[in-house]
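Structure first, then comments.
The values are calculated or read from the model by the stated rules, or taken from the named source; none is laboratory data. The model shown is predicted, which means the values in this text are computed figures rather than measured ones. So basically every Cβ, Gly included, is an ideal-geometry build from the backbone, and we count neighbours across all protein chains shown. For accessibility, only protein heavy atoms count, side chains too; no ligands or nucleic acids. Shrake-Rupley method; radii C 1.70, N 1.55, O 1.52, S 1.80 Å.
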There are 2 protein chains.
Amino acid sequence: MSRCNLEHPARRRQHALVFAALSDETRLSLVSALAGGRPRSITQLTDGSRLTRQAITKHLHVLAGAGLVRCSRRGRESRFELDPQPLQELRAYLERVSEQWDQALARLKVFVEG
Amino acid sequence: MSRCNLEHPARRRQHALVFAALSDETRLSLVSALAGGRPRSITQLTDGSRLTRQAITKHLHVLAGAGLVRCSRRGRESRFELDPQPLQELRAYLERVSEQWDQALARLKVFVEG
DNA sequence: ATAAATAGCAACCTCCGGGTTGCATATTAG
DNA sequence: CTAATATGCAACCCGGAGGTTGCTATTTAT
């Protein structure tokens, strides 16, 4: 009985936070836009969207709150850039869950057959 | 200029849906509980939680709406089991974003140095 | 020096997510 | 048959998410 339940609540909270940050189409497109590597200003990120600059700003702050994005002031503009670390953490988490699933299925198969 | 923006809106919608389903701590713990491979009834999943059975039911339906979980009636109880496919899809998506980031950084580095 | 560009702040609105309670229904146990 | 179990359905509440508008402040261009 590997009743790990390996996620301590703190880690689970953080995962939920990052998942929530990625749960909006607008924010996914912002992530996609910033995955190009170059820091972008708010107006740059607003162009090509049908939303207001303030809406985009709020979305960027949500991403920042999850650690997915960092902001630095450059002259009169705020430049946002991606931080891929939380994405990698999520990927690792999803891998762990899938792995747990596979191992569980393997054990159940043995139990049924053997 | 690889302006792929590879996510068609439909795919992005689906990703947002699954991310949203995983954006709640309660639902993450349900996924964790179901990752054990054995189908669980609603009351089983409610035991050990401080929430109401109806609350858990709603969460399960959210997970089902994202395709993360399937339900089948067995006698008087509803048995829920995990479907890892959407999880793998998300993992692949996160990998693509990270890869795009890495390649972009590499290109920018060449641009600066060369 | 003035005007245009960029962004921050605050108030406001609407809608939905998470949660509860209450009651009805179906299934199994005794 | 009757009671306990397991679930479904609907109404309701509350707070926060997503979005807008209006105004102000700072930086840059002309």
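For the range B:6-24, the set of residues classified as more than 9 Å from the chain's Cα centre (by Cα) and polar (S, T, N, Q) consists of B:Q14 only.
Among the residues of the range A:64-90, those identified as touching an Asp or Glu at 6+ places or on another chain (Cβ under 9 Å), within 13 Å of DNA strand C (Cβ to nearest atom) and within 22 Å of B:Q103 (Cβ to Cβ) are A:V69, A:R70.
The lone criterion from (1) assigned to a helix (DSSP H, G or I); (2) within 16 Å of DNA strand D (Cβ to nearest atom); (3) loosely packed, with under 15 Cβ neighbours inside 10 Å; (4) free of Cβ contacts under 8 Å to residues at least 12 places away in the same chain left unmet by A:A55 is number (4). Taking (1) facing chain B (nearest Cβ under 10 Å); (2) touching a strand residue (DSSP E or B) at 6+ places or on another chain (Cβ under 6 Å); (3) among the small types (G, A, S) in turn, A:S23 satisfies each apart from (2).
Within the range B:27-46, being open to solvent by less than 60 Å² (accessible area, probe 1.4 Å) and more than 9 Å from DNA strand D (Cβ to nearest atom) holds for B:R27, B:L28, B:S29, B:L30, B:V31, B:S32, B:A33, B:L34, B:A35, B:G36, B:G37, B:P39.
Screening A:S49 against (1) at the interface with chain B (Cβ under 9 Å from one of its Cβ atoms); (2) open to solvent by less than 80 Å² (accessible area, probe 1.4 Å); (3) in a loop (DSSP other than H, G, I, E, B); (4) within 16 Å of DNA strand C (Cβ to nearest atom) leaves a single unmet condition, (1).
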